[in-house]
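Visitor: Handing you this structure, nothing more for now.
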Amino acid sequence: MLFAGYEGLENKAAAAFQMLLAGSETSATTITFALYELARQPEYQDRLRFEINKALADNNGVPDYDVNSKIEFLDLVVKGKKTCLINNNDYSAF
């Protein structure tokens with residue numbers, strides 16, 4: 001059982017909140033790291049902005065899951081391919 005050992009509504013709510021917080025903390029850390037690296041590397045920031053704008057233009061300006069999945073550089077940034085971002089000064093690796 002998911003909340004075994006957590007008797008009472010308050011304890012179950014606290015356990016649920018802890019699980020929610022644990023999941024959001026990893027997302028927050030990933031986003032923070034990605035933004036930090038993009039701030040350090042303006043050329044990658046420019047490339048990502050270009051690719052996002054192009055993908056949006058191709059989809060009539062409507063952001064959706066399909067648009068996000070077509071932006072390969074965004075995928076690299078979000079997945080934390082920091083070696084690609086930090087060590088490569090050109091786009092040939094992408």
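Visitor: Using beta carbons and a limit of 7 Å, which pairs, at least six apart or on different chains, have the first residue in segment 62-74 and among the aromatic types (Phe, Trp, Tyr) and the second one in a helix (DSSP H, G or I)?
Guide: Filtered contacts from segment 62-74: 73/47; 73/48; 73/51.
Visitor: Then there's this: Take residue 12 and decide whether it is modelled with pLDDT under 85, touching a helix residue (DSSP H, G or I) at 6+ places or on another chain (Cβ under 9 Å) and surrounded by 13 or more Cβ atoms within 10 Å (Cβ to Cβ).
Guide: It is false that residue 12 is modelled with pLDDT under 85, touching a helix residue (DSSP H, G or I) at 6+ places or on another chain (Cβ under 9 Å) and surrounded by 13 or more Cβ atoms within 10 Å (Cβ to Cβ).
Visitor: Please count how many residues of segment 39-92 are outside any helix (DSSP H, G or I), surrounded by 12 or more Cβ atoms within 10 Å (Cβ to Cβ) and at pLDDT below 85.
Guide: Of the residues in segment 39-92, 3 are outside any helix (DSSP H, G or I), surrounded by 12 or more Cβ atoms within 10 Å (Cβ to Cβ) and at pLDDT below 85.
The values are calculated or read from the model by the stated rules, or taken from the named source; none is laboratory data. On a predicted model such as this, the values are computed, not experimentally measured, just so you know. As a convention, Cβ positions derive from the backbone with ideal geometry for all residues, glycine included, and neighbour counts pool all protein chains shown.
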